[in-house]
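The values are calculated or read from the model by the stated rules, or taken from the named source; none is laboratory data. What you see is a predicted model, and the numbers here were worked out from it, not measured in a lab. Heads up, the Cβs are rebuilt from the backbone with ideal geometry, glycines too, and the neighbour counts pull from every protein chain shown. The area values use the complete protein model at the heavy-atom level, side chains included, leaving out ligands, DNA and RNA. Shrake-Rupley method; radii C 1.70, N 1.55, O 1.52, S 1.80 Å.
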Amino acid sequence: QVQLAESGGGLVQVGGSLRLSCGASGQTFGTYAMAWFRQAPGKEREFVAAVTRFGGSTYYADSVKDRFTISRDNARTVYLQMNSLKPEDTSVYYCAAGRVTAGRLTGPYDYWGQGTQVTVSS
């Protein structure tokens, strides 16, 4: 069992940066791949980025590639560094954990956080 808690969301201007954090509890954290998803009002939840359980591989949605960076450390935290933010990045961002392989990093994931709001103003 893994419990996830996101933080770091907020209001930022176009072109700005934010770093989201996801703290995980549970003794098996190191066995899970970790990912970020987002959901905008009226839209389906979409994959953003993922990292394998040891951090050796990452995968990004085309819409965020070269702007966002996912990373994880040994302190049970996963980060999403978001640069060059655009209005279309406005969403609730969710952290997720799951036993997915490097070839299936888009999911499905088993555990989810409550989400953190990111708003990009123009």
Study note, to complete from the structure: Filtering the stretch 43-57 down to residues that are open to solvent by 10 Å² or more (accessible area, probe 1.4 Å) and at pLDDT 95 or above yields Lys43, Glu44, Arg45, Glu46, Phe47
Review point. Which residues, taken from the stretch 89-101, are crowded, with 20+ Cβ neighbours inside 10 Å, within 11 Å of the chain's Cα centre (by Cα) and closer than 20 Å to Ala40 by Cα?
Key: Tyr93, Tyr94, Cys95, Ala96
Check your understanding: When both residues are 6+ apart or on different chains and their Cβ atoms are under 6 Å apart, which pairs have a first residue that lies in the stretch 60-73 and is in contact (Cβ under 8 Å) with a residue 24 or more places away in the chain, and a second that is among the polar types (S, T, N, Q)?
Key -> Ile70/Thr58
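Residues checked against (1) buried (at least 18 other Cβ atoms within 10 Å of the Cβ); (2) closer than 15 Å to Val2 by Cα:
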{"position": "Phe29", "(1), (2)": "yes, yes"}
{"position": "Lys65", "(1), (2)": "no, no"}
{"position": "Leu80", "(1), (2)": "yes, no"}
{"position": "Pro87", "(1), (2)": "no, no"}
